[in-house]
1. Taking amide H positions as placed in the peptide plane 1.01 Å from N, state which residues far from SER127 in sequence (5 or more) or on other chains have amide H under 5 Å from it.
2. Can you figure out the FRET efficiency of GLU300 with ASP72, using R₀ = 22 Å and their beta-carbon distance, to the nearest 0.05?
3. Counting only protein chains, not ligands or nucleic acids, how are MET499, MET315 ordered by accessible area (probe 1.4 Å), most first?
4. Any idea which of GLN202, ILE482, TRP457 is furthest toward the positive side of the dipole for the chain, if Lys and Arg beta-carbons carry +1 and Asp and Glu beta-carbons -1?
5. Quick one: order ASP333, ASP82, ASP357 from most to least accessible surface, probe 1.4 Å.
6. Express the accessible area of the chain per residue in Å², computed with a 1.4 Å probe while the remaining protein chains stay in the model.
7. Tell me what the chain gives for mean residue ellipticity at 222 nm when only DSSP H runs of n ≥ 4 count, each as -39,500 (n - 2.57), the sum divided by the residue total, rounded to 500 deg cm²/dmol.
8. Of all DSSP beta bridges in the chain, what percent run antiparallel (nearest 5)?
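The values are calculated or read from the model by the stated rules, or taken from the named source; none is laboratory data. On a predicted model such as this, the values are computed, not experimentally measured, just so you know. Note: ideal-geometry Cβ built from the backbone for every residue, glycine included; neighbour counts use all protein chains shown. These area figures cover heavy atoms from the full protein model, side chains too; ligands, DNA and RNA do not enter into them. Shrake-Rupley method; radii C 1.70, N 1.55, O 1.52, S 1.80 Å.
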Amino acid sequence: MGQDIIHKPSRPRVPPNLRDYGLARAEFTWERARSRMAGLPGGGLNIGYEAVDRHIAAGRGGRPALRCIGRDDSVTTYTYGDLARLTSRFAHVLHRLGVTRQERVFTLLGRCPELYATVLGTLRAGSVLCPLFSAFGPEPVRSRLELGNARVLVTTEALYRRKVAELRPRLPELEHVLLVGPVTEQPADTLSWTALMDAAPQHFTVPATDPEDMALLHFTSGTTGAPKGAVHVHDAVVAHHATAGFALDLHPEDVYWCTADPGWVTGMSYGVVAPLTHGVTLVVDEGEFDARRWYRILSEQKVSVWYTAPTAVRMLMRGAPREGAGTLQDTFDLSALRFVASVGEPLNPEAVRWGQDALGLPVHDNWWQTETGSIMIANFAACDIRPGSMGRPLPGVEAAVLERGENGRARLAGGRVRVVEEPEVTGELALRPGWPSMFRGYLHERERYEACFADGWYLTGDLARKDRDGWFWFVGRADDVIKSAGHLVGPFEVESALMEHPAVAEAGVIGRPDPLAGSIVKAFVSLRPGYGPDPVLERELIAFARRRLGPAVAPREIAFDQNLPKTRSGKVMRRVLRARELGLPQGDLSTLEGPG
Ligand code: ATP
Ligand code: MG
């Protein structure tokens, strides 16, 4: 993994918030960030108010808030004023159904205007919103509704019939199911979202909201095991807003597109809340991934800031024609684009550089978790990029690498931890609690929550190292790291090296137990168009990785697999590769992508 740096010839503006605050980085405090929020007129803080009402109060109701692109490419625009009316109606709908503050409203929806009305209406009403992936199967939907004590579910007729109807009798707490969109025949025990909305008044005053009131419930991606329900409070909006300024360089005049599914935390924090608090115009694509469509949206909508994920970047890379054939991106005008960022998985250096070639801009990697609620570490706007690094902690974030103990995690004897001061040493990434979007618990799982803390630190479960200049480098999940012949091998480093080979589209690397070495490194590789699996290519890839990584770290075995197991948020599930390899039970597969 190179230590090369992409210097920005003309650096973008200083991160807007820092400059607006009139502060040097060291002077930033969350208290100061909090003082920049509008706040409820009667005191308190409410996410929905910051995203919608504050713009109305400031006379910006006519600005476009959402630009929804239908599957048929139709474009419908909603202003901030429209959003205020829609979300007011939904807040009234909840009141009329007798749903009280702090009760849970779930969505099982793709990206659509009704989603925004429901999410922000719920938050403005002081109830709690929990989004689910619309692609979840029936059992994952049921278990989350049950664990989250869902009182209301908003979904479509088709999704209801396919995923909920049969299991409804096992959900006694689920009182109301509201169906959006056209309904051919209203199923028993369901209500029409549209009819309820039409009958509701379009003015609603956000009630007093304590910043510590629960606002959002987010299930984790389930990459490492059974998903956990992370609880977030209204105060989180302080961090959503500030970090979107620092890490995404959002300004009110931006046209912004976040490709994350609204069913996971990025799709909420940075697909709904943060951009709207900045007053930007959000592009909402109701369609599926398609390279040509995506380039067209970037171009036609004049997207200026784009937030996506490594899996999408790799799909664009994979879809690109081979050299010499002319490139797709040559046919699209991407001149409005000025900032691109990615999250969710490590971003291979190859992908950062691809951005520079194909989009004319490098991709800025940033790191965070469902638990942290907002971006913590980033290659942010005002600094150079180190391809392969997740960047540096944002203002207000204290991050450290902690020494690993017996079990590979940071907790040492007596529950103590030790901060590694020396550069380039791998340890567990930890954060000093205290930022506003920090999760306040795993719902109904107190012990699991408490196990995340030691000695005044929040332990992330990820391994990282810090270089001499303070950049953080992701090594792997604590569970995924491989010990081979005395070496600690991070799967990410091996995957990135393999991806530099022109044949490789994606890779997932695991350790396979070996009597001599402890573990040997095995890579599962999917190939780009024009390449087929064969023993010659396998030998070539092994030799290629050896030249880059040395024999101790390079994979000893390679298997070709065009369908690497992934979570629905696009992360390679190495635990599933490992379980399949060893013939072990595969564990919780509720978030596995694909049929079954
Ligand atoms: P679960 O906790 O259920 O196993 P998950 O950890 O994948 O699932 P998320 O909260 O969605 O659930 O993902 C956060 C994790 O994603 C991080 O802990 C890290 O392992 C990985 N991640 C996110 N961004 C990056 C990044 N930029 N580089 C490397 N890894 C990242
Ligand atoms: Mg996690």
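1. GLN102
2. E between GLU300 and ASP72, to the nearest 0.05, is 0.95.
3. On the way: MET499 15, MET315 70 Å².
I get MET315, MET499, largest accessible area first.
4. Of the candidates, TRP457 comes out farthest on the positive side.
5. ASP357, ASP333, ASP82
6. Per-residue accessible area for the chain comes out at 38 Å².
7. Dividing the helical sum by the residues of the chain leaves -7000 deg cm²/dmol.
8. Beta bridges within the chain, antiparallel portion: roughly 55 percent.
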